[in-house]
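Single-structure report; data block below.
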Amino acid sequence: MKKTFQILIWVTVLSGISVILGFALIDQKTHKCTDISVSLTDENPRGFITSSEIEKLVYLKFDSVRGKLIDSLNIELIEMELAQNPYIKSVNVYTTVHGKLSVEVEREEALIRIINRKNQSYYLSRSGRALPVSRNYIPHVVVASGNIKEGYGKIKDQKIIGLTQETDKNPVLSKLFFLAGKLEGNHFLKNHIKQVYVNKKGEIELIPENGKYIILLGDVDDLEIKFENLLAFYQAGMSKVGIENINVLNLKYKNQVVCKK
């Protein structure tokens, strides 16, 4: 008897769910889109693209979404179109039971600005994507210039992934991307180093905020050790040598900081 009663309960519940789903499907076919809601899921208070600009992109690509039947909206196509924007890292589009088109976007965030030897400028994002310069937003990030040949057009469809077996494709950019990530992770150096320069030999130079001397890094091998040596010199050696007596701080040699005037 008890088992029969439980079966009846489950049949009733499943029937109810089927009815609700049936009404929902019918509603989807007759319900019209009432509005668009764009939400930004990243933590950046500012960014390369705003929620209102994303909304405009939807209207430009898909005409007037408002008033169209929910069932007629191609959600997958909307996602694909928005994902092609270089400033958008990820996007999720769906419709609500109230007829609203909801667009959730995570934006790309700049890690380093690149100015190549032809004076062409672009950014590398934290995820390794190339981002074009924007007139409306200038992020405060370290700037790299000098002997960098790659322009935005060459790498816009690639992803810079740091120091791996793929580094040979864009060796200079891979090293700069790796370096920028390490600078970002060090609170002092993040604020201390404002410029990076690649010289004619392909060696990397760091330029501090005061710009009074150059830190010759060389390559990015043993980078953490080089940073430790630099910080140790600042704490113990700078006051003895005197900043006015330094033109170059050479970190190329293992476990050494060589001062040159």
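Assorted remarks:
- Inter-probe distance in nm under a simple model that places probes 7 Å from Cα toward Cβ, at K156 and N255: 4.9
- Toward the positive end of the charge dipole of the stretch 76-187, with +1 on the Cβ of Lys and Arg and -1 on the Cβ of Asp and Glu, the farthest Cα among G99, G128, I112 is that of I112.
- Cross-link partners of K226 among aspartates and glutamates (Cα-Cα below 13 Å; sequence separation of 8 or more within a chain): E205
- Pairwise label distance in nanometres, T41 with K200, each label 7 Å out on the Cα-Cβ vector: 5.0
- Unsatisfied cross-links (Cα-Cα over 19 Å) in the set K118/K156; K149/K201; K61/K154; K149/K212: K61/K154; K149/K212
- Net lengthening on full extension, D63/V248 (0.36 nm per residue, minus Cα-Cα): 60.7 nm
- Projecting label points 7 angstrom from Cα along Cα→Cβ for T34 and N191 puts them 4.9 nm apart.
No lab work stands behind these numbers, since they all come straight from the coordinates. Note that the coordinates shown come from a computational prediction; the quantities given were computed from them, not determined experimentally. Because the Cβ atoms are built from the backbone with ideal geometry, glycine has one as well, and the counts that use them run over all protein chains shown.
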